[in-house]
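These notes concern the structure reproduced below.
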There are 2 protein chains.
Amino acid sequence: MSDERIWTAGLCVIGDEILSGRTQDKNVAQIGLWLNLQGIRLAEVRVVADREEAIVEAVNQLRARNDYLFTTGGIGPTHDDITVDAIAAALGVGVVIHPRARAALEAYYATRGGLTDARLRMARVPDGADLIENRTSGAPGIRVGNIFIMAGVPAITAGMLDALTGTIEGGRPLLSHVVGCWVAESEIADMLGATERAHPGCQIGSYPFFREGRTGANFVIRSTDEAALAACADALSAALAALGRDPVDGGI
Amino acid sequence: MSDERIWTAGLCVIGDEILSGRTQDKNVAQIGLWLNLQGIRLAEVRVVADREEAIVEAVNQLRARNDYLFTTGGIGPTHDDITVDAIAAALGVGVVIHPRARAALEAYYATRGGLTDARLRMARVPDGADLIENRTSGAPGIRVGNIFIMAGVPAITAGMLDALTGTIEGGRPLLSHVVGCWVAESEIADMLGATERAHPGCQIGSYPFFREGRTGANFVIRSTDEAALAACADALSAALAALGRDPVDGGI
């Protein structure tokens, strides 16, 4: 168990609109869930502004200390789309027009006014890169080394993730089980910690809520070992029942 | 204009549940919007796991290079709540029980089963810290140096932000104006870049959308100078009209 290799990814969300609060990010949750299904853990996220130095720093730190790095945002046709240039700078390589990206854009824009210089910007990639299929719109995603450069628009990112499913090496997925209970987490904090310590390889997160006029909490147990996860969940449920606490019907 | 001091903040979101994708973060947008009203720009966000080393690294980097650092999450009563210990470690100070926090918790739990050891954990603060009022539940937020330690539950964080409103020094708020237009951003990319260059102190972000069967984009102009913002917005609207492009009725 403890010798098991854990595969990790970093995520760099690029965009002033997320930092300003104007746009609610949805890519962190979407990519976190998807990565877990690939057996890869999202280890750290950074949200940075549309500034080359900020992107270069985050990309170089995150790609060095994770198996993979995903980025979202900044790959459109306008002046504020600087992700490709920043990542090329981070890697110390030039920017080239990818012939297959150019062909895809030519096909996509054939009935949409033709491929202009601005649109051709979306065929620019760091030298040596491969493409990630975009089933939604014309501009592809980009893979260069261990970096996956994705769209900012969540629906387009979803299509790119779909195209990548099953193609990236990972380990065993982190499994989770939720025990919901009508109890204030502060009442059972000691038991909770003791239960976690008694089940190596399992982590228990505690997430309180207040609804229907009552205090409750979801206890999320995570492990890559299915049997250990089940044993921990059973022990926690039994301990809560022994304290006379009601489970939340229908789970979370 | 360009000599104007820009006040910045970093944000460190602490929590495995955000990285796993199980919980959708709402604090980035909430805090980004609130900071802007205080005249402070959210410059960078990091989402880190419930691990002390990860929190210490992010806290020390972000507090050093921003005027302020906000953190969310990990200040509850359970074993996975390690934010206070990690921030004390980052600052090289001890952890103490804050007498006013203890009193607040005693009052809150007087009718809720009393103040247990687990609940008293929520009165622990890095040595030298002040409290941030929590109008929603018992446990207060914490201010230590330029760090503001907030709850993870968005509604509780909202109350803490409310308590802080007007108390933190900032500069002029970043104003924004949205020009929505039925146009593909790739068709007007050159004009957009030229418009930004012609209006120093203004940035234009381009955010495409597809709805009602048509392609459009919101162009978000940002500036701290109201007159410059209005001039840039007028110029952009005129340029779009000259190209025969319809504004989006009712804005975004």
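Within the range A:139-170, the set of residues being part of a loop (DSSP other than H, G, I, E, B) and surrounded by fewer than 20 Cβ atoms within 10 Å (Cβ to Cβ) comprises A:Gly145, A:Asn146, A:Thr165, A:Gly166, A:Thr167, A:Ile168, A:Glu169.
Does any residue of the range B:114-129 turn out to be free of Cβ contacts under 8 Å to residues at least 12 places away in the same chain, over 28 Å from the mean Cα position of the chain (by Cα) and within 9 Å of chain A (Cβ to nearest Cβ)? Full working, then the answer.
Step one: of the range B:114-129, the residues free of Cβ contacts under 8 Å to residues at least 12 places away in the same chain are B:114, B:116-117.
Filter again for over 28 Å from the mean Cα position of the chain (by Cα), leaving B:114, B:116-117.
Right, trim to within 9 Å of chain A (Cβ to nearest Cβ) and you get B:116-117.
Checked the range B:114-129: at least one residue is free of Cβ contacts under 8 Å to residues at least 12 places away in the same chain, over 28 Å from the mean Cα position of the chain (by Cα) and within 9 Å of chain A (Cβ to nearest Cβ).
Scanning the range A:109-124 for residues being of a type outside the set (A, V, I, L, M, F, W, C) and part of a loop (DSSP other than H, G, I, E, B) gives a total of 5.
Yes or no: B:Gly74 without any contact (Cβ under 8 Å) to a residue 24 or more places away in the chain and either in contact with a helix residue (DSSP H, G or I) (Cβ under 9 Å, 6 or more places away or on another chain) or charged (D, E, K, R) (or both)?
Values: without any contact (Cβ under 8 Å) to a residue 24 or more places away in the chain: no; either in contact with a helix residue (DSSP H, G or I) (Cβ under 9 Å, 6 or more places away or on another chain) or charged (D, E, K, R) (or both): yes.
The answer is no for B:Gly74.
Does A:Asp190 satisfy the condition of being surrounded by fewer than 16 Cβ atoms within 10 Å (Cβ to Cβ) and either away from chain B (no Cβ under 12 Å) or not in a helix (DSSP H, G or I) (or both)? Step through it out loud before you land on a result.
Details: surrounded by fewer than 16 Cβ atoms within 10 Å (Cβ to Cβ): yes; either away from chain B (no Cβ under 12 Å) or not in a helix (DSSP H, G or I) (or both): no.
No: the conditions fail for A:Asp190.
Scan the range B:226-237 residue by residue and report those that are in contact with a strand residue (DSSP E or B) (Cβ under 8 Å, 6 or more places away or on another chain) and surrounded by fewer than 18 Cβ atoms within 10 Å (Cβ to Cβ). If the condition is that a residue be in contact with a strand residue (DSSP E or B) (Cβ under 8 Å, 6 or more places away or on another chain) and surrounded by fewer than 18 Cβ atoms within 10 Å (Cβ to Cβ), then B:Glu226, B:Ala230, B:Ser237 are the ones that fit. Scan the range B:41-51 for residues that are under 12 Å from B:Leu11 (Cα atoms) and either without any contact (Cβ under 8 Å) to a residue 60 or more places away in the chain or more than 9 Å from chain A (Cβ to nearest Cβ) (or both) and the total you get is 7. Residue check: B:Met150 meets all listed conditions (1) at pLDDT 95 or above; (2) in contact with a Phe, Trp or Tyr (Cβ under 8 Å, 6 or more places away or on another chain); (3) within 12 Å of chain A (Cβ to nearest Cβ) but one, namely (3).
Among the residues of the range A:31-40, the one identified as facing another protein chain (nearest Cβ under 7 Å) and of a type in the set (A, V, I, L, M) is A:Leu33. Filtered by the rule that a residue be more than 13 Å from chain A (Cβ to nearest Cβ), more than 20 Å from A:Val56 (Cα to Cα) and of a type in the set (A, V, I, L, M, F, W, C), the range B:60-88 gives B:Leu69, B:Val84, B:Ala86, B:Ile87, B:Ala88.
Yes/no per residue for (1) in contact with a Cys (Cβ under 6 Å, 6 or more places away or on another chain); (2) under 15 Å from B:Ser176 (Cα atoms):
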site: B:Pro208; (1), (2): no, no
site: B:Arg211; (1), (2): no, no
site: B:Ile221; (1), (2): yes, yes
site: B:Thr224; (1), (2): no, yes
site: B:Ala233; (1), (2): no, yes
site: B:Leu240; (1), (2): yes, no
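The values are calculated or read from the model by the stated rules, or taken from the named source; none is laboratory data. Here the structure is a predicted model, which is why all the values come from computation and not from measurement. Quick reminder, even Gly has a Cβ in these numbers, built from the backbone with ideal geometry, and neighbours come from all protein chains shown.
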